[in-house]
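Down below is the structure, laid out as structure tokens.
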Amino acid sequence: MIPAREALERLKEGNLRFASGAPSTHTLPSEAHRSELVAGQAPFAVILGCSDSRVPVELVFDQGVGDLFVIRVAGNIVAASQADSVEFAAEKFDVRLVVVLGHTQCGAIEATIEELRKPTAEQSRKLHSIVGRVRPSVEGLMTSGGEHDHDTLVRDATRANVRVSTDHLRYGSDVLERLREKEGLIVVGAEYSLETGVVDFFDGPMES
């Protein structure tokens, strides 16, 4: 089992390599390594990220096959299936670091802002479900009375949405709460910049 702090440092170092354009070669899958993984896996971190095609999690953190347990869903929201998957990885593989990874220019955030400004009855049921989960993060900012230009609103809403997901995992799961209190599990919120390639770990006990 890799402690949470060590796991976080691995992610930070890997992202630094990625953002600087100097990824390591050890992350490339070899035939021998693939054969080893047939018998089982031992990921060192769980990443709950967005499905956006511009945020390939293993590449962003310069990690190889079998290193990360990745769950991707539009808007990096936490519904029952996502929480269950995080619990599964934490218990089954003794993972002690969970990262909720949002990103700049998130389509789910943009869609939620658009829906709040100009509601439509023609929105698909699936999109409505995602927007409904992102909505509380955005709605609070739009009704707070402060002035927000569009870009600022998207930025603030993205981070607020990550915080909602991290809080849900920290305090909405008996399994994860037990592992936090007794086994050193840590849930951290982060944002990936499409513009720079850098991940900012901004929410949690080990922010950077």
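Coordinate-derived values only; no laboratory data. Everything numeric in this text was worked out from a predicted model, so none of it was measured. Here the Cβ is made from the backbone with ideal geometry for all residues, glycine too, and neighbour counts use every protein chain on show.
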(Q) Helix 174-183 against the longest principal axis of the chain: what's the angle in degrees, Cα atoms only, rounded to the nearest 10? (A) 50
Q. Under a point-charge model restricted to the Cβ atoms of Lys and Arg (+1) and Asp and Glu (-1), what is the dipole moment magnitude of the stretch 1-112 relative to its Cα centre, in debye to the nearest 20?
A. 160
Q) Separation of the stretch 39-64 and the stretch 127-201 by C-alpha centroid, Å? A) 18
(Q) Using only DSSP helix segments of four residues or longer, with each worth -39500 (n - 2.57), what per-residue ellipticity at 222 nm results for the chain after dividing by its residue count and rounding to 500? (A) -15500 deg cm²/dmol
Q) If contacts are Cα pairs under 8 angstrom and at least 6 residues apart, what is the relative contact order of the chain in percent? A) 24
Q. With springs only between Cα atoms under 10 Å, which of Val154, Val38, Val164 fluctuates most in a Gaussian network model of the chain?
A. Val38
Q | With Cα atoms, 0 to 90° folded angle of helix 80-92 axis to the chain main axis | A | 20
Q) Against the longest principal axis of the chain, how steep is helix 150-171, in degrees 0 to 90 to the nearest 10, with axes from Cα atoms? A) 50
Q. Ranked by Cβ crowding within 10 angstrom, fewest neighbours first, how are Arg34, Arg96, Arg133 ordered?
A. Arg34, Arg133, Arg96
Q. Which number gives the lysine pairs in the chain that have C-alpha atoms under 29 Å apart and are eight or more places apart or on different chains?
A. 4
Q) Under unit Cβ charges (Lys, Arg +1; Asp, Glu -1), what dipole magnitude, rounded to 20 debye, does the chain have relative to its Cα centre? A) 300
Q. With the contact rule set at Cα under 8 Å and sequence spacing of 6 or more, what percent relative contact order holds for the stretch 158-201?
A. 30
Q: Counting other beta carbons within 10 Å of each Cβ, put Thr104, Thr143 in order, fewest first.
A: Thr143, Thr104
**Q.** Sparse-neighbourhood loop sites, GluC sites (Glu not before Pro) in the stretch 178-207 - DSSP loop, at most 13 other Cβ within 10 angstrom
**A.** Glu195, Glu207
Q: Subtracting the Cα-Cα distance from 0.36 nm times the residue separation, let me have the gained length for Leu116 to Ser24 in nm, one decimal.
A: 28.8 nm
